[in-house]
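Structure first, commentary second.
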Amino acid sequence: MRLLSTKATCNSHGQDSSYFLGWQEYEKNPYDEIHNPKGIIQMGLAENQLSFDLLESWLAKNPDVAGFKRDGKSIFRELALFQDYHGLPSFKKALVDFMAEIRGNKVTFDPDHIVLTAGATSANETLMFCLADQGEAFLLPTPYYPGFDRDLKWRTGAEIVPIQCTSSNNFQITETALKQAYEEARKRNLRVKGVLVTNPSNPLGTTMSRSELNLLVDFIKEKTDMHLISDEIYSGTVFSSPGFVSVMEILKERNDTDGIGNRVHVVYSLSKDLGLPGFRVGAIYSENDTVVAAATKMSSFGLVSSQTQYLLSAMLGDKKFTRNYIVENQKRLKRRQRMMVSGLQKAGISCLESNAGLFCWVDMRHLLHSNTFEAEMELWKKIVYQVGLNISPGSSCHCTEPGWFRVCFANMSEETLTLAMKRLKNFVVESTCTQRSALFNGTSKRKSLTKWVFRLSSRDHREQEER
Amino acid sequence: MLSRKASEDSHGQDSYYFLGWQEYEKNPYHLIRNPTGIIQMGLAENQLSFDLLKSWLRRNPDIVGMKKDGLSSLVLDHEVISYGELVEFMSKIRGNGVKFAPEKLVLTAGATHANEIMMFCLADPGEAFILPTPYYPGFDRDLKWRTGVEIVPMHCSSSNGFRITSSSLEEAYQKAQKLNLKVKGVFVTNPSNPLGITMTKTELYHLIDFAIEKNIHIISDEIYSGTVFNSPKFVSIMEVANERTSNMNNVRNRIHIVYSLSKDLGVPGFRVGMIYSNNEMLVGAATKMSSFGLVSSQTQYLVANLLKDKKFTSKYIEENQRRLKRRKEMLKSGLRNAGIRCLKSNAGLFCWVDMRHLLSSATFEAEKELWMMILCHVGLNISPGSSCHCYEPGWFRVCFANMSEDTLKLAMRRMKAFIDSTVSVVNQGKGCTYEQSVNAIRELRSWQMHGIRQIIGDHSDIGDWPRGESVTHAFRVLAVSNEER
C-alpha cells in the first residue's frame, strides 16, 4: 500500500522549480563580505530589510510591549491563553487603520470583516478552500509569484489558468487576454470561480491602473458566481506615482451598484511593508459574511501568535510612528530602486518602469542567444554560477516571453547591491567581447562556449537527480 | 457561490462541546461581578504555573525585548532557531528515555495545524483513520474538514478502564472494511484527552503489532505528555518503538508524534506545535505544508531561549506536575464528597467523571438533560461524554487547571448541593406532574428560567428535546430545590 498520501508524494507543491533551486544554490555558497566575498548574492528573495532601524528604535522606546505589559501591568497570562480565532480586537483595529492609511485613507475597513491568518500564504490557501471546490479554477495574470502554484493548488485541488500578459503593453491585463483565459478554462472543462491578481504586482513591481481594475470588476460582474481576489501584500511599498489604487477604492467609486462587494476579497500581510515575514501576520478582508465566518474557523489551522498580535497592536496603534514609517520606508525603497535601475543601465540592461515592490522586472532578452526558454535557463545558470547572483527567471513566474528576470533590491546592503551591479556589468561586457571575438575568430571560441554551457547543464542534471 | 467546505457543517462546531462554551460566554462566573455565573470547567487549559514563566521573563528582559540579538536577526522567516531546544525539552519530559533529532522535527502553528498536516500527508480524501473513543471533539474538525479524511471510531468501554485492546482494534478495522473505507492508520492521544490516563506498555505493543499486521501508520498526539503527575510514568510510543528490535518490519517509518507547548507550558496563544517522525519523506512533505502555519519567529525566539535555560525547565516540569497533582486531588475529593467517582487518572488537565448513577435512564438523551441541568441549574460548564463520542452515556470531562483554587472549591460545593437535592427527591419518592414542575420552575430565579428556556428554545433542533418521563424527572429536581430555598 502506498505509504504516504498523493499530496505528499506528488510534485504540485512546485518546490522543484528554478525559483526554489536558485535559493538552494545560494544556501550552499552564500555571499558574505568578509567570509565569502566570491559567494552568490541573493537577489531572488523579495524581502524588505531597509527599515529595521525604525522598528528597533520603536521597540527600544516601548520596552513594555514586548515584555507583555499593558499600562505597567503584566498581561502575560491573558496573552498566553488567548487563542480566539476572532483575533485580538485591539490588533484588528490597529491593522485596519494601518491598511486604510496605506491607501491614503480613501477607503476604510471594518475590523469585524478581517480574518487573521499566519501570513498571506495561509490567507490565500484559505480563500481557495472557501471559494473553490476540487478541480475548479482561478484565472491569474502572468507573470505571477511562483509560490502560488503551491499556495493555491496543492492541498486545495484548485487549478490555475493563466491570463497571458505581454511586454507589448507593459504586461497589463487586457479584455482579450481575460476572455482567452476564460475560454481556455472552458476548453479544459474547468469551472472558473474567479480571478486572483497581485496588486502591486509581483514580479512586475507595478500598480494596476484604474482601467485594469474596472475591467476586472466588470468581468466578474457579468458572471454571478465569480470572485475577485486582490492580493495587496505590496500595497505599502509604492514609492512613486502613479499612486496605489486598491480594488476597494474602485468599488467605493462605483457605489457598488452592481452588488459585487460580496465577491471581492482582499489579502494583506505585514511581511513586505513592515519587513516582518517571520512574524506570520496575514489577513483576509471580505464584506461577505459567509466567507468571513468560514475563513475564521479555518484560521484555527494558522493563527497569529498572540504575543505577536499584541506587539503589533501597540506598534501599529502608534499613528505617529506608522505615518513616519510609511513615508520613510517608501523613500528608502525609491532610492534603492533608482540605484538598481541605474546600475543595470550602466550594464546596458533595461527594466520595466516600476513604482512599487521590492524588485525590478528586468529585460535581458538581448542577452539570450535564442528567443527560447532553454536560452533563458542557460543565461540564468550563467548568472547564478558564473556571475554569482541568484535572480529569478521569468519562466518560474510563468511569463510567456523568455528573457525577463525578477531581481530584488531591498534585501541587502547598498554595498552589496553596488557589487552585484558591478559583477553584472563585467559579465555583460565579457559576453559581448566573447561574442564579438567568437564572430571574429570563427569556430574555436564558439566550441568552447558550447562545451562550457553543456558542462553547466549536465552538472545541473546530476544535482536534479540528487534532489 | 462558495465552496462545499465553506458552506457545510462538517467543521463540527455546532456540537455540544461548543454550545456549552457559548452559554458560558453569555453568563461567565466572576467572584465579584457575577458570583452566580457559570463556572467554566470545559476548557482544558493549564493556568497553574504562569508565575514561574513570568518570573523567568522578569529575569530575562533582553530576550523579551529582542534587544540581545537585534530585530533583524529574527524577523526573517527562513531562520530556524529553536529546534535543538525543543527536542531536548521533549526528551526531558519523557524522562530522557528517548533522544530526538532536530532535523526530524517540523514546527507548526499549534497541534491543530500539525494534526491536519498529518492527515494531508498520510491519507487521501475518503481514506480513514481509526480513533479510540472517547476522543477530543476538535478532531472532527481538525482531521476531517478540509482533508476529506474519515474517522472510524474504536469504542472503548469502562469495563476495562477504556483501554485499547487487540480485539477492539480489529473490530474497528473490520467495520471500516464493511464501509469500504481504506484505513491508513490509528490516531491516539497519549496521555488521553478526555480520560487523563497514560497508555500502558501493553496497549502500545498492541498498537504496534496492529500497525505491523495491517501495514498502517500510528500517530501519537502527545500534547499532554508534560502533564503526567503520577505513576505510572509516561511511556512514549517512540520509546517502545526503539526498545523493540524484532519484527519491527519498517513500522518505525510509520510512527509519528505530534506535540505542542499549549498544555505543558500553558501557552496556547503562542501557537507552538510540532510533528516528529523518522520518515524522511513525511518530514519533507510536512515541512513544505508547514508554510501554511509557521510559528511566529518572535515566539520561536522567546521559546528557544526559555527552553535553553535547563535549570528553569527542570524546575518548571517538576513544580508544574506537583501543582497539577494537587489540583486533581482537590477535584477528585470534592466529587467524592458528592458521591461521584472518576476514572483513576495520572495525567491531563481534567478528570473523566462517572455520573451514570445520576441519569434518569442509560441513554444519551438523559445525558443531555443532565448536562443542561448542570449547566443551567448548577452553573458548571462541563463536557458531556457524547461530544467526545463516548459509547456509554453518563460520563463527563471536568477540567481542574483553568481556574483558581477557590473557584474549584465553589464548583464542588455547588455540585454537592445539587446532588444532595437529587438524592432527597429519590429518597422521598416524591413525584409531581409535568404541569406542577413547570409551575415550580416559574418560581425559580429569573436567570435560571431564562437560561433553560433559552437553551430549550435555541437548540430544540438538535435532536428532539425529550418529553415525558425524563423531563418530569429533571423538573422534579428543580421543583424540590426551589422548595428548599
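The values are calculated or read from the model by the stated rules, or taken from the named source; none is laboratory data. What you see is a predicted model, and the numbers here were worked out from it, not measured in a lab. Backbone-built Cβ (ideal geometry, glycine too); neighbour counts: all protein chains shown.
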Just to check your reading of the model, which residue among B:198, B:189, B:147, B:112 is closer than 26 Å to residue B:349 by Cβ, hydroxyl-bearing (Ser, Thr, Tyr), within 14 Å of another protein chain (Cβ to nearest Cβ) and crowded, with 22+ Cβ neighbours inside 10 Å?
B:112
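Does residue A:36 satisfy the condition of being more than 9 Å from chain B (Cβ to nearest Cβ), closer than 28 Å to residue A:233 by Cβ and modelled with pLDDT of 90 or more? Let's see the steps before the verdict.
Working: more than 9 Å from chain B (Cβ to nearest Cβ): yes; closer than 28 Å to residue A:233 by Cβ: no; modelled with pLDDT of 90 or more: yes.
When the stated conditions are applied, residue A:36 does not pass them.
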Of all the residues that make up the range B:44-67, how many are more than 9 Å from every other protein chain (Cβ to nearest Cβ) and under 26 Å from residue B:352 (Cβ atoms)?
4
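Here is a yes/no grid of residues against (1) buried (at least 24 other Cβ atoms within 10 Å of the Cβ); (2) over 23 Å from the mean Cα position of the chain (by Cα); (3) within 10 Å of another protein chain (Cβ to nearest Cβ):
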site	(1), (2), (3)
A:266	yes, no, no
A:269	yes, no, no
A:279	yes, no, yes
A:283	yes, no, no
A:288	no, yes, yes
A:296	no, yes, no
A:301	yes, no, yes
Selection count where residues are more than 32 Å from the chain's Cα centre (by Cα) and more than 14 Å from residue A:314 (Cα to Cα), scope the range A:45-79
5
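With the range B:71-168 as the region, which strands (runs of 3 or more DSSP E) entirely inside it contain at least 2 residues that are in contact with a helix residue (DSSP H, G or I) (Cβ under 6 Å, 6 or more places away or on another chain) and free of Cβ contacts under 8 Å to residues at least 40 places away in the same chain?
Numbers: elements: B:105-108, B:128-133, B:150-155.
Output list reads B:150-155.
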So which residues in the range A:117-140 are more than 9 Å from chain B (Cβ to nearest Cβ) and assigned to a strand (DSSP E or B), if there are any at all?
A:137, A:138, A:139, A:140
Check whether at least one residue in the range B:276-298 is over 27 Å from residue B:404 (Cα atoms), among the basic types (Lys, Arg) and more than 14 Å from chain A (Cβ to nearest Cβ), and report yes or no.
no
Keeping to the range A:172-216, report how many residues are closer than 21 Å to residue A:120 by Cα and among the charged types (D, E, K, R).
1
Of (1) surrounded by fewer than 19 Cβ atoms within 10 Å (Cβ to Cβ); (2) on the phi < 0 side of the Ramachandran plot; (3) of a type in the set (D, E, K, R), residue A:103 satisfies all except one. Which?
(1)
Taking the residues in the range B:261-277 that are part of a loop (DSSP other than H, G, I, E, B) and out of contact with any strand residue (DSSP E or B) (no Cβ under 7 Å at 6 or more places or on another chain) as candidates, determine which candidate is farthest from residue B:62 (Cα to Cα).
B:263
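Go over the candidates B:49, B:55 one by one and state the one that is modelled with pLDDT of 90 or more, surrounded by fewer than 23 Cβ atoms within 10 Å (Cβ to Cβ) and under 23 Å from the mean Cα position of the chain (by Cα). Step through it out loud before you land on a result.
Working: B:55 fails: under 23 Å from the mean Cα position of the chain (by Cα).
Checking each option against the conditions leaves just B:49.
In the list A:228, A:333, which residue meets the criterion of being under 23 Å from the mean Cα position of the chain (by Cα) and either at pLDDT below 95 or within 14 Å of chain B (Cβ to nearest Cβ) (or both)? Explain how you work it out, then say what you get.
Values: A:333 fails: either at pLDDT below 95 or within 14 Å of chain B (Cβ to nearest Cβ) (or both).
Selected residue: A:228, the only one of A:228, A:333 that is under 23 Å from the mean Cα position of the chain (by Cα) and either at pLDDT below 95 or within 14 Å of chain B (Cβ to nearest Cβ) (or both).
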Criterion first (in contact (Cβ under 8 Å) with a residue 12 or more places away in the chain, touching a strand residue (DSSP E or B) at 6+ places or on another chain (Cβ under 7 Å), surrounded by fewer than 22 Cβ atoms within 10 Å (Cβ to Cβ) and away from every other protein chain (no Cβ under 14 Å)) does residue A:161 satisfy it?
yes
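Yes/no per residue for (1) touching a His at 6+ places or on another chain (Cβ under 6 Å); (2) within 14 Å of chain B (Cβ to nearest Cβ); (3) closer than 16 Å to residue A:55 by Cβ; (4) outside any helix (DSSP H, G or I):
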{"position": "A:291", "(1), (2), (3), (4)": "no, yes, no, no"}
{"position": "A:323", "(1), (2), (3), (4)": "no, no, yes, no"}
{"position": "A:327", "(1), (2), (3), (4)": "no, no, yes, no"}
{"position": "A:341", "(1), (2), (3), (4)": "no, no, no, no"}
Test: residue in the range B:121-130 that is out of contact with any Asp or Glu (no Cβ under 9 Å at 6 or more places or on another chain) and closer than 17 Å to residue B:277 by Cα
yes
Within the range A:117-154, take every residue that is surrounded by 23 or more Cβ atoms within 10 Å (Cβ to Cβ) and charged (D, E, K, R) and give me the one that is farthest from residue A:401 (Cα to Cα).
A:125
Within the range A:303-318, track down each residue that is more than 8 Å from chain B (Cβ to nearest Cβ) and among the small types (Gly, Ala, Ser).
A:313, A:314, A:317
Report those helices (runs of 4 or more DSSP H) wholly inside the range A:45-116 carrying at least 1 residues which are away from every other protein chain (no Cβ under 11 Å), touching a residue at least 12 places away in the same chain (Cβ under 8 Å) and out of contact with any His (no Cβ under 8 Å at 6 or more places or on another chain).
A:89-102
In the range B:383-393, residue nearest to residue B:28 (Cα to Cα) [restricted to those that are surrounded by fewer than 24 Cβ atoms within 10 Å (Cβ to Cβ) and touching a strand residue (DSSP E or B) at 6+ places or on another chain (Cβ under 7 Å)]:
B:388
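Residue-wise test of (1) at pLDDT below 95; (2) assigned to a loop (DSSP other than H, G, I, E, B); (3) among the acidic types (Asp, Glu).
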position	(1), (2), (3)
B:306	yes, no, no
B:322	no, no, no
B:326	no, no, no
B:329	no, no, yes
B:361	yes, yes, no
B:367	yes, no, yes
B:375	yes, no, no
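Keeping to the range A:141-179, report how many residues are assigned to a strand (DSSP E or B), among the aliphatic types (A, V, I, L, M) and over 12 Å from residue A:193 (Cβ atoms).
First pass over the range A:141-179, keeping only residues assigned to a strand (DSSP E or B): A:141, A:159-163.
If we keep only those that are among the aliphatic types (A, V, I, L, M) as well, we get A:160-161, A:163.
Next, only the ones that are over 12 Å from residue A:193 (Cβ atoms) stay: A:163.
Number of matching residues: 1.
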Looking at the range A:192-201, can you tell me whether even one residue there is closer than 22 Å to residue A:146 by Cβ, among the charged types (D, E, K, R) and touching a Pro at 6+ places or on another chain (Cβ under 9 Å)?
no
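If you go through the range B:304-327 one residue at a time, do you hit one that is under 18 Å from residue B:42 (Cα atoms) and either within 14 Å of another protein chain (Cβ to nearest Cβ) or surrounded by 19 or more Cβ atoms within 10 Å (Cβ to Cβ) (or both)?
Yes, there is a match, as at least one residue in the range B:304-327 is under 18 Å from residue B:42 (Cα atoms) and either within 14 Å of another protein chain (Cβ to nearest Cβ) or surrounded by 19 or more Cβ atoms within 10 Å (Cβ to Cβ) (or both).
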Within the range B:209-243, of all residues that are over 23 Å from residue B:92 (Cβ atoms) and more than 14 Å from chain A (Cβ to nearest Cβ), the one surrounded by the most Cβ atoms within 10 Å (Cβ to Cβ) is B:210
